[in-house]
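Report on the structure given below.
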Amino acid sequence: MFMSVTFEFELGKDFHFSSAFGDRFNMPVSDERVYLPETLGVGFIQEVRLPNGLALCLHNYILKENLILKRHGTGSSEMLTIKFDCRRLPVKLNAEPNEPLFNESKGCEVEFGTGNFFTELSIPPGQAIVFLVIGISRSILLDLLRLGPDCSSMEQMLKDNKSFVIHEGMTLDMERTLIQVGQINQSTPLASLLYQTKAQELIHQLFTKLLTRPEAISVALHQEDADKIYEIRAWIVHNLSVTPVLSDLATKAGMSLTKMKLLFHQIFGKSIYNYYQSERMDEAAQLLNHLTVSEAGYKVGFTNLSHFTRLFEKHNHIKPKRYKDTLKTN
């Protein structure tokens with residue numbers, strides 16, 4: 001049985017993750033890179049401070065023990081963090097009263113928000129881990145984006161919303177760029193410039209997608225409400241064979257129906273029902289690795305194979321039978 005090691009921290013003006021991690025585990029830091037102690041795993045954490053005000057923290061390792069990273073919600077709301085993470089893990093339903101804001105997830109995702117939330121990230125042993133956190137101030141991000149008049153709600157959120165979090169699925173372009181960041185090392189020519197280029201590329205790719213969301217006025221998000229919305233997401237992902245009943249979900253969360261729908265859409269960019277359909281189609285695609293088409297459809301709640309086929313093709317742009325055939329040839 002694997003043990004868990006916990007590292008707790010809080011964001012501050014002069015906070016350096018690599019230095020704090022090195023102090024916690026009594027490991028030296030050189031050029032803002034700290035290697036994991038042999039007992040914890042193999043690999044490193046690299047910080048990069050860029051001249052344009054961006055701060056990058058790259059995690060690149062394979063753990064021997066479960067590592068829990070806890071960020072306390074005492075940081076400044078002026079500092080924003082963008083986490084690009086592609087560890088395909090199952091969502092863990094946590095019934096604890098102080099459920100972490102950012103739970104484990106089963107897909108490649110971006111989590112973008114203010115630094116004043118409590119977050120907890122559990123990283124399992126035995127998997128190749130590459131994820132990147134970009135720290136950036138509101139003013140620098142707004143200067144990079146130079147949003148036009150047709151992006152007023154996004155600009156308003158970045159300027160005035162004191163606490164928010166947004167979840168977005170990673171595109172294939174984001175996944176490729178993240179891999180390229182992980183391949184930069186100390187011998188890469190002009191490494192600092194390449195880090196800066198790739199970080200801005202990821203920000204561009206993220207906001208290109210975020211700006212396709214419908215214009216809507218954002219509301220400030222409190223920790224308690226965020227915990228409830230993530231609890232709703234966890235329930236949905238754990239019950240993909242059951243169509244969610246919104247009134248029941250609101251009762252489970254202890255939240256009004258209107259508020260629940262508003263905050264869920266603000267965080268995930270989709271209605272609860274559309275999010276549910278997207279998740280069950282992604283799950284069906286995973287199940288087709290080892291199940292027949294009818295078995296996969298049944299697992300995610302379909303009794304009508306034709307209905308399942310139509311929805312799968314609408315979401316994945318390929319029929320499930322053909323998709324399964326492509327898995328055999330890869």
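Tell me which residues, restricted to the stretch 300-330, are under 15 Å from GLN286 (Cβ atoms) and open to solvent by 90 Å² or more (accessible area, probe 1.4 Å).
ASN330
Taking the stretch 59-87 as the search range and keeping residues that are in a loop (DSSP other than H, G, I, E, B) and under 17 Å from the mean Cα position of the chain (by Cα), which one is nearest to PRO125 (Cα to Cα)?
If we take residues in the stretch 59-87 being in a loop (DSSP other than H, G, I, E, B) and under 17 Å from the mean Cα position of the chain (by Cα), then ARG87 is nearest to PRO125 (Cα to Cα).
Exactly one condition in (1) part of a loop (DSSP other than H, G, I, E, B); (2) closer than 21 Å to PRO51 by Cβ is false for GLU215; which is it?
(2)
Here is a check on your reading of the model: is LYS259 farther than 27 Å from VAL300 by Cα, among the basic types (Lys, Arg) and part of a helix (DSSP H, G or I)?
Here the answer is yes, as LYS259 does meet what is asked.
Results for (1) modelled with pLDDT of 90 or more; (2) not polar (S, T, N, Q), shown as yes or no for each residue.
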| position | (1), (2) |
| --- | --- |
| GLN223 | no, no |
| PRO244 | yes, yes |
| GLY254 | yes, yes |
| PHE264 | yes, yes |
| TYR276 | yes, yes |
| LEU291 | yes, yes |
| PHE308 | yes, yes |
| HIS315 | no, yes |
| LYS319 | yes, yes |
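Name every residue in the stretch 157-193 that is aliphatic (A, V, I, L, M) and assigned to a strand (DSSP E or B), in order of residue number.
Listed by number, the residues that qualify are VAL165, ILE166.
Could you grab me the full set of residues in the stretch 287-322 that are touching a residue at least 24 places away in the same chain (Cβ under 8 Å) and within 26 Å of TYR230 (Cβ to Cβ)?
Once the filter is applied, which keeps residues that are touching a residue at least 24 places away in the same chain (Cβ under 8 Å) and within 26 Å of TYR230 (Cβ to Cβ), the stretch 287-322 yields LYS299, VAL300, GLY301, LEU311, HIS315, ASN316.
Please determine whether any residue of the stretch 253-260 is of a type outside the set (Asp, Glu) and within 16 Å of HIS167 (Cα to Cα).
Checked against the condition, which is being of a type outside the set (Asp, Glu) and within 16 Å of HIS167 (Cα to Cα), the stretch 253-260 yields at least one hit.
Tally up the residues in the stretch 158-174 that are touching a residue at least 12 places away in the same chain (Cβ under 8 Å), under 27 Å from SER278 (Cβ atoms) and open to solvent by 40 Å² or more (accessible area, probe 1.4 Å), please.
2
Hey, does the stretch 220-228 have a residue that's basic (Lys, Arg), assigned to a helix (DSSP H, G or I) and surrounded by fewer than 19 Cβ atoms within 10 Å (Cβ to Cβ)?
Checking the stretch 220-228: not a single residue is basic (Lys, Arg), assigned to a helix (DSSP H, G or I) and surrounded by fewer than 19 Cβ atoms within 10 Å (Cβ to Cβ).
Test THR243 against the stated conditions and say whether it is out of contact with any Cys (no Cβ under 9 Å at 6 or more places or on another chain), in a loop (DSSP other than H, G, I, E, B) and more than 30 Å from HIS72 (Cα to Cα).
For THR243, the condition - out of contact with any Cys (no Cβ under 9 Å at 6 or more places or on another chain), in a loop (DSSP other than H, G, I, E, B) and more than 30 Å from HIS72 (Cα to Cα) - is met.
Output the number of the condition that GLU295 fails; it satisfies all remaining conditions of (1) loosely packed, with under 15 Cβ neighbours inside 10 Å; (2) modelled with pLDDT of 90 or more; (3) within 24 Å of GLN156 (Cα to Cα); (4) acidic (Asp, Glu).
Status for GLU295: all satisfied but (3).
Go over the candidates LYS319, LYS324, LYS299, LYS314 one by one and state the one that is of a type in the set (D, E, K, R) and closer than 28 Å to ARG213 by Cβ.
None of the others qualify; the one that does is LYS314.
How about the stretch 175-204: which of its residues are open to solvent by 30 Å² or more (accessible area, probe 1.4 Å) and either within 20 Å of the chain's Cα centre (by Cα) or touching a residue at least 24 places away in the same chain (Cβ under 8 Å) (or both)?
GLU175, ARG176, ILE179, GLN180, GLN186, SER192, GLN196, LYS198, GLN200, GLU201, HIS204, listed by residue number.
The rows are residues; the columns are (1) assigned to a strand (DSSP E or B); (2) touching a residue at least 24 places away in the same chain (Cβ under 8 Å).
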position: PHE7; (1), (2): yes, yes
position: LYS13; (1), (2): no, yes
position: GLY22; (1), (2): no, no
position: VAL34; (1), (2): yes, no
position: PRO37; (1), (2): no, no
position: GLY43; (1), (2): yes, yes
position: GLU47; (1), (2): yes, yes
position: ASN52; (1), (2): no, yes
position: CYS57; (1), (2): yes, yes
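The values are calculated or read from the model by the stated rules, or taken from the named source; none is laboratory data. Predicted, not measured: the structure shown is a model, and the values here were computed from it. Using ideal geometry, Cβ is built from the backbone for each residue, glycine included, and neighbour counts are taken over all protein chains shown. Ligands, DNA and RNA are stripped out before the accessible areas are found, and what is left, the full protein with its side chains, is counted by its heavy atoms. Shrake-Rupley method; radii C 1.70, N 1.55, O 1.52, S 1.80 Å.
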